[in-house]
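Enquirer: After the structure tokens below, expect a handful of questions from me.
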Amino acid sequence: MIHAENRLLRIYAWYRLILAGLLLLLFYVHFQSPLLGSDNPHGYIRLATIYFGFNCLCIFFNHDRVAATAWRALIFVMVDILALTLFIHMSGGISSDLPLLLAVSVAAGNILLRRRLGLFVSAIASLTLLYEQIYSIYEHGSSWQGIETTAFLGLGFFTIALISQQLAERLRQGEQLAQAQERRLREMHTLSRQILRRMRTGILVVDAAGHVAMSNQAASALLDVEIQDGQCTLADIAPRLEQSLRAWQRTPALRSAPFQNHAGAASVNASFSVLDGEPSETPWSTLIFLEDHTQLTQQAQQLKLASLGRFSASIAHEIRNPMGAISHAAQLLAESTAIAGEDARLLQIIQQHCLRMNDVVENVLQLSRRESSRHELFELSAWLDTCIEELCSGELAATQLQCEHLQKPLIVRFDPKQLYQVVQNLVSNGLRYSRKLHGDGRVLLRSGLLTHEQPYLDVIDDGPGVPLELRQHLFEPFFTTEARGTGLGLYLARELCEASQARLEFIDGPSTCFRITFAHPDRSLQLP
């Protein structure tokens with residue numbers, strides 16, 4: 001409301017300046033037969049000049065730092081009433097048309113001032129006009145009939161005051177309502193931007209030409225690129241997403257498959273929607289939602305684990321009991337002196353395969369009995385040093401493990417016991433394949449920070465690498481290239497990572513590298 005009153009006060013100040021200029025101009029135009037200043041021309045011109053100069057100064061100094069709006073308005077109106085009364089006195093009294101100008105000042109005073117001050121202005125205008133009329137009667141012998149006209153003018157001033165105050169009150173209420181709506185809209189705009197910026201679903205708005213008009217931080221994190229709104233195209237930052245968009249535009253019923261923007265980025269699901277309005281009406285044509293495929297598949301994976309747990313519980317006794325009986329019988333036969341030669345070799349094969357089947361059952365039961373993750377925040381570099389000491393205290397040599405920290409400190413959120421299990425599995429696989437090529441295996445553990453402040457841990461070995469045709473099957477259960485392997489090690493490691501909303505993936509490069517990409521440490525994890 002203060003801004004509206006200041007605006008009205010500036011309009012009133014310009015009106016006063018124009019009025020003062022017109023009073024001067026009309027005096028000079030009718031100088032030979034003056035309509036204004038007929039009783040005192042010299043006094044009139046001096047007063048008009050002073051009044052014009054005062055209004056010029058008011059325009060120059062009319063800003064919030066001079067005085068409060070109410071005080072400035074009161075000063076302006078009182079000066080106008082005094083000046084106009086003097087102009088009336090010098091121009092023939094109330095018989096001139098100048099008293100009507102007082103009505104404008106009274107109306108302005110009642111709009112700019114509150115109730116009592118507005119009525120006070122009306123009273124002052126009525127009293128000064130009445131005093132001028134009585135003075136004219138006694139000094140110049142004017143007719144007493146002018147008192148009646150003055151009374152009607154005073155009554156008109158108070159009527160104008162009441163009407164003006166009603167209009168001013170409605171104006172203030174409308175201004176307050178507009179300010180409240182503007183404040184709510186501003187709050188909603190700020191809230192919408194805050195929600196859009198902090199939500200985990202990636203948002204992209206792409207116009208008909210393929211330019212990214214708007215995006216949020218989640219979209220940059222999921223695509224693992226820096227997005228500058230309005231300065232890049234979708235084809236530049238995410239070619240595969242641009243292809244999915246074009247395919248969806250051709251066939252709206254088509255659902256795009258999960259994709260990775262590049263190696264090391266998150267697996268993303270994209271969905272598309274046309275914004276309201278025709279493309280000709282708005283430059284934004286398509287709204288793209290990006291969701292982390294890892295989170296979407298986590299529930300499905302938990303269901304698979306639950307099914308696997310029930311399945312393993314049902315088959316445990318069915319397999320282990322007969323297998324135990326077979327293994328026990330083989331051991332008894334091996335103790336017999338009548339068994340020799342080829343028969344002894346067959347018994348050895350039976351025992352080896354019994355042990356292998358027992359390992360398979362143990363791994364499956366480990367999946368079914370897996371405890372819930374207990375996520376903790378801890379410093380990864382210090383944890384890795386402790387982990388390497390524990391691994392080297394066993395059967396591993398200190399020269400076989402190396403550690404490289406590209407970023408310190410590095411805070412991660414994970415279950416430390418489960419992370420140790422994952423690292424131990426990856427290190428064992430790396431050493432096994434590295435020994436095949438070099439005899440003495442070596443594994444490098446490298447920790448660092450990706451873009452968008454996501455910590456990662458690489459387990460790198462210098463083995464022969466993974467053939468291209470086998471990479472897509474690495475994390476499938478029961479897939480193995482080893483004669484004695486169970487094929488559940490990498491599968492279990494990935495399941496443990498996804499329980500903490502981390503990603504375990506194979507990184508293509510000159511060396512064999514498995515990367516654990518941790519969730520952002522400030523991100524609250526949803527427990528399965």
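Enquirer: Being in contact with a Gly (Cβ under 6 Å, 6 or more places away or on another chain), closer than 30 Å to N358 by Cα, aliphatic (A, V, I, L, M) and in contact (Cβ under 8 Å) with a residue 40 or more places away in the chain, is that true of even one residue in region 438-450?
Expert: yes
Enquirer: Can I ask one more? Whether any residue in region 91-99 is assigned to a helix (DSSP H, G or I), assigned by TED's automatic domain parsing to the domain that holds L9 and closer than 15 Å to Q165 by Cβ is what I want to check.
Expert: No, there is no match, as no residue in region 91-99 is assigned to a helix (DSSP H, G or I), assigned by TED's automatic domain parsing to the domain that holds L9 and closer than 15 Å to Q165 by Cβ.
Enquirer: Follow-up question, since we're still on this one. Would you mind finding the one in L82, L86 that is under 25 Å from Q165 (Cα atoms), assigned by TED's automatic domain parsing to the domain that holds A48 and out of contact with any Lys or Arg (no Cβ under 9 Å at 6 or more places or on another chain)?
Expert: Result of the check over L82, L86: L82.
Enquirer: Separate question: List every residue pair whose Cβ atoms sit under 6 Å apart, with the two residues 6 or more apart in sequence or on different chains, where the first one lies in region 263-287 and is more than 18 Å from A219 (Cβ to Cβ) and the second, anywhere, is part of a strand (DSSP E or B) and at pLDDT 80 or above.
Expert: P283/D207
Enquirer: What are the residues in region 105-122 that are exposed (fewer than 15 other Cβ atoms within 10 Å of the Cβ) and part of a helix (DSSP H, G or I), if any?
Expert: R115, R116
Enquirer: Please state which of the following conditions L222 fails to meet, knowing it meets all the rest: (1) over 21 Å from H293 (Cβ atoms); (2) in contact (Cβ under 8 Å) with a residue 60 or more places away in the chain.
Expert: (1)
Enquirer: Pairs please, first residue from region 63-90 and surrounded by 20 or more Cβ atoms within 10 Å (Cβ to Cβ) and modelled with pLDDT of 80 or more, second anywhere and basic (K, R) and outside any loop (DSSP other than H, G, I, E, B), Cβ atoms under 7 Å, 6+ apart in sequence or on different chains.
Expert: Listed by first residue and then by second, the contacts come to F76/R16; D80/R16.
Enquirer: For N55, state whether it is of a type in the set (S, T, N, Q), surrounded by 14 or more Cβ atoms within 10 Å (Cβ to Cβ) and at pLDDT below 80.
Expert: no
Enquirer: Anything in region 42-60 that is without any contact (Cβ under 8 Å) to a residue 24 or more places away in the chain and not β-branched (V, I, T)? List them, or say none.
Expert: H42, R46, G53, L57, F60
Enquirer: Something else about it: Within region 127-145, is even one residue among the hydrophobic types (A, V, I, L, M, F, W, C), surrounded by 17 or more Cβ atoms within 10 Å (Cβ to Cβ) and either part of a loop (DSSP other than H, G, I, E, B) or at pLDDT 85 or above (or both)?
Expert: No, every residue in region 127-145 fails to be among the hydrophobic types (A, V, I, L, M, F, W, C), surrounded by 17 or more Cβ atoms within 10 Å (Cβ to Cβ) and either part of a loop (DSSP other than H, G, I, E, B) or at pLDDT 85 or above (or both).
Enquirer: Select from region 396-452 the residues that are part of a strand (DSSP E or B) and of a type outside the set (A, V, I, L, M, F, W, C) and list them in ascending order.
Expert: Q402, E404, H405, R413, R446, S447, G448
Enquirer: Now, a different point. Please enumerate the residues belonging to region 79-105 that are out of contact with any Phe, Trp or Tyr (no Cβ under 9 Å at 6 or more places or on another chain), of a type in the set (A, V, I, L, M, F, W, C) and farther than 14 Å from R16 by Cα.
Expert: Result: I88, I94, L100.
Enquirer: Okay, moving on. Looking at region 188-199, I want the residues that are of a type in the set (D, E, K, R) and have a partner that is surrounded by 10 or more Cβ atoms within 10 Å (Cβ to Cβ) and not in a helix (DSSP H, G or I) with Cβ atoms under 7 Å, at least 6 apart or on another chain. Which pairs are those?
Expert: The qualifying pairs are R197/N216.
Enquirer: Just to be sure I understand, how many residues within region 213-266 are outside any helix (DSSP H, G or I), touching a Gly at 6+ places or on another chain (Cβ under 8 Å), closer than 17 Å to H452 by Cβ and of a type outside the set (D, E)?
Expert: The total comes to 2.
Enquirer: Which of the residues belonging to region 463-494 are among the aliphatic types (A, V, I, L, M), in a loop (DSSP other than H, G, I, E, B) and either at pLDDT 80 or above or assigned by TED's automatic domain parsing to the domain that holds H353 (or both)?
Expert: Correct list: V466, L474.
Enquirer: Identify the residue in region 91-101 that is touching a helix residue (DSSP H, G or I) at 6+ places or on another chain (Cβ under 8 Å) and either farther than 14 Å from F27 by Cβ or polar (S, T, N, Q) (or both) and, among all such residues, is modelled with the highest pLDDT.
Expert: Per the stated criteria, the residue is L101.
Enquirer: Something else now. Across region 166-184, what is the number of residues that are more than 35 Å from the chain's Cα centre (by Cα) and without any contact (Cβ under 8 Å) to a residue 40 or more places away in the chain?
Expert: So the count comes out to 3.
Enquirer: Looking at this structure, is L102 surrounded by 21 or more Cβ atoms within 10 Å (Cβ to Cβ) and touching a residue at least 24 places away in the same chain (Cβ under 8 Å)?
Expert: Yes, satisfied.
Enquirer: Of all residues in region 268-277 being modelled with pLDDT of 80 or more and not hydrophobic (A, V, I, L, M, F, W, C), which is farthest from V205 (Cα to Cα)?
Expert: N269
Residue-wise test of (1) aliphatic (A, V, I, L, M); (2) over 15 Å from S273 (Cβ atoms).
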{"site": "R186", "(1), (2)": "no, yes"}
{"site": "R198", "(1), (2)": "no, yes"}
{"site": "V205", "(1), (2)": "yes, no"}
{"site": "I227", "(1), (2)": "yes, yes"}
{"site": "C232", "(1), (2)": "no, yes"}
{"site": "R255", "(1), (2)": "no, no"}
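Enquirer: Still on this structure, please answer the following. Could you tell me whether S280 is outside any helix (DSSP H, G or I), of a type in the set (S, T, N, Q) and either at pLDDT 75 or above or outside the structural domain of P455 (by TED's automatic domain parsing) (or both)?
Expert: yes
Enquirer: Here's a follow-up. For region 408-421, does any single residue satisfy the condition of being in contact with a helix residue (DSSP H, G or I) (Cβ under 6 Å, 6 or more places away or on another chain) and at pLDDT below 85?
Expert: The answer is yes; a qualifying residue exists.
The values are calculated or read from the model by the stated rules, or taken from the named source; none is laboratory data. Quick caveat: nothing in here was measured; it's all calculated off a predicted structure. We place every Cβ from the backbone using ideal geometry, glycine too, and count neighbours over all the protein chains shown.
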